[in-house]
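Reviewing the structure listed below.
The values are calculated or read from the model by the stated rules, or taken from the named source; none is laboratory data. Everything numeric in this text was worked out from a predicted model, so none of it was measured. Note that each Cβ is placed from the backbone with ideal geometry, even for glycine, and that neighbours are counted across all protein chains shown.
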Amino acid sequence: MPLPASATPQTPVPAHGEQAARAGSRARAPGRCWALVPCAGLGERAGAALPKQYADVAGEPMLRHTLRALAALPQLQGTLVVLSPHDEHFEARVPQHAFDRRWLARVGGATRAASVAAGLAALRERGAEDLDWVLVHDAARCLLQPAWVQRLIDAVADDAVGGLLALPVADTVKCEEGSARVEQTIPRDRLWLAQTPQMFRLALLQRALAQAGAQVTDEASAVEALGLRPLLVPGAWENLKITWPADFALAERLLATR
């Protein structure tokens, strides 16, 4: 993918496929879209030998599935992958032809919030500006389909705050009192399960993360802490986050149906 004309790196980032050609031909305007994939975690709950983003799903590392879906979106000026400075797996698991190495940022931190904050700074170095939209997506949501992302972009593009893909809760929700016994049943009629991508303007998200601290588990939570109300955009059940060992088999079965 090319950098916007306003970016002035010492060595220009080369075009990356058809998406980059389309992006480069558009006039510069406020509200451009970028994707950011934090990819610095270990994913220990998944029980994989590698960090889970590199574990195979249907014969390919889950990260490759994720990046392929994002690359199909012509609105994206670029997709930045944020790695740990000590990552030793990306080059071996994601071939050069599958992802332009100039869109890697080895600036990941100890938490998701730290990795996203560092990634936002790296996007600025590549030409992103205050009013540009950033779509932050979990690498482990590898069943992502471009149509779901398009739905989010269409819904949020004119929103004053931003928003996220999410699903209304269908199951009865129990809160336990500390020893695996029910303390209360929580009404589900206003409950949603947060998914990704989560889409916010760059400057707003930077400010939100700086004030919220490292413990927030998603970008919407940081924005909510500013007193703002992100838009909930209906997602898809298949947009699951691979977390546990059994999730790999489920993801493979779902991919086999496509």
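Being hydrophobic (A, V, I, L, M, F, W, C) and closer than 30 Å to Arg32 by Cβ is the requirement here; does Trp244 meet it? Walk me through how you get there before you give the answer.
Values: hydrophobic (A, V, I, L, M, F, W, C): yes; closer than 30 Å to Arg32 by Cβ: no.
It is false that Trp244 is hydrophobic (A, V, I, L, M, F, W, C) and closer than 30 Å to Arg32 by Cβ.
Could you tell me whether segment 188-202 includes any residue that is loosely packed, with under 11 Cβ neighbours inside 10 Å and more than 15 Å from His137 (Cβ to Cβ)? Before the answer, list the steps.
Within segment 188-202, the subset loosely packed, with under 11 Cβ neighbours inside 10 Å is 189-190.
Okay, now just the ones that are also more than 15 Å from His137 (Cβ to Cβ), so 189-190.
Among the residues of segment 188-202, at least one is loosely packed, with under 11 Cβ neighbours inside 10 Å and more than 15 Å from His137 (Cβ to Cβ), which makes the answer yes.
Sort out for me the strands (runs of 3 or more DSSP E) sitting completely within segment 180-258 that have 1 or more residues that are within 17 Å of Leu135 (Cβ to Cβ). Show your work before the answer.
Numbers: elements: 182-186, 192-201, 231-234.
Output list reads 192-201, 231-234.
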Can you tell me which residues in segment 97-120 are of a type outside the set (A, V, I, L, M, F, W, C), assigned to a helix (DSSP H, G or I), farther than 14 Å from Thr217 by Cα and touching a strand residue (DSSP E or B) at 6+ places or on another chain (Cβ under 7 Å)?
Gly119
Out of (1) outside any helix (DSSP H, G or I); (2) modelled with pLDDT under 95, the odd one out for Val82 is which?
(2)
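Answer with yes or no whether Glu88 is part of a loop (DSSP other than H, G, I, E, B), closer than 27 Å to Ala214 by Cβ, modelled with pLDDT under 95 and acidic (Asp, Glu). First the steps, then the outcome.
Numbers: part of a loop (DSSP other than H, G, I, E, B): yes; closer than 27 Å to Ala214 by Cβ: yes; modelled with pLDDT under 95: yes; acidic (Asp, Glu): yes.
Judged against the criteria, Glu88 is a match.
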Given the conditions (1) touching a Cys at 6+ places or on another chain (Cβ under 9 Å); (2) surrounded by fewer than 24 Cβ atoms within 10 Å (Cβ to Cβ); (3) of a type in the set (A, V, I, L, M, F, W, C), which single one is not true for Val161?
(1)
Output for segment 90-101, where each listed residue is over 16 Å from Gln53 (Cβ atoms) and crowded, with 18+ Cβ neighbours inside 10 Å
Asp100
Selection within segment 228-249 - loosely packed, with under 15 Cβ neighbours inside 10 Å and aliphatic (A, V, I, L, M):
Ala246, Ala249
Can you name every residue in segment 121-136 that is part of a loop (DSSP other than H, G, I, E, B), aliphatic (A, V, I, L, M) and crowded, with 19+ Cβ neighbours inside 10 Å?
Ala128
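When residues of segment 32-62 are filtered for being in a loop (DSSP other than H, G, I, E, B), farther than 17 Å from Asn239 by Cα and modelled with pLDDT of 90 or more, how many remain?
Of all residues in segment 32-62, those in a loop (DSSP other than H, G, I, E, B) come to 32, 40-43, 47-51, 55, 58-59.
The next check asks that each one be farther than 17 Å from Asn239 by Cα; those that pass are 32, 40-43, 47-51, 55, 59.
Subset that is modelled with pLDDT of 90 or more: 32, 40, 55, 59.
Residues meeting the conditions: 4.
What do you reckon, is Leu167 farther than 30 Å from Pro61 by Cβ, surrounded by fewer than 23 Cβ atoms within 10 Å (Cβ to Cβ) and at pLDDT 95 or above?
Details: farther than 30 Å from Pro61 by Cβ: no; surrounded by fewer than 23 Cβ atoms within 10 Å (Cβ to Cβ): yes; at pLDDT 95 or above: yes.
Answer is no for this residue.
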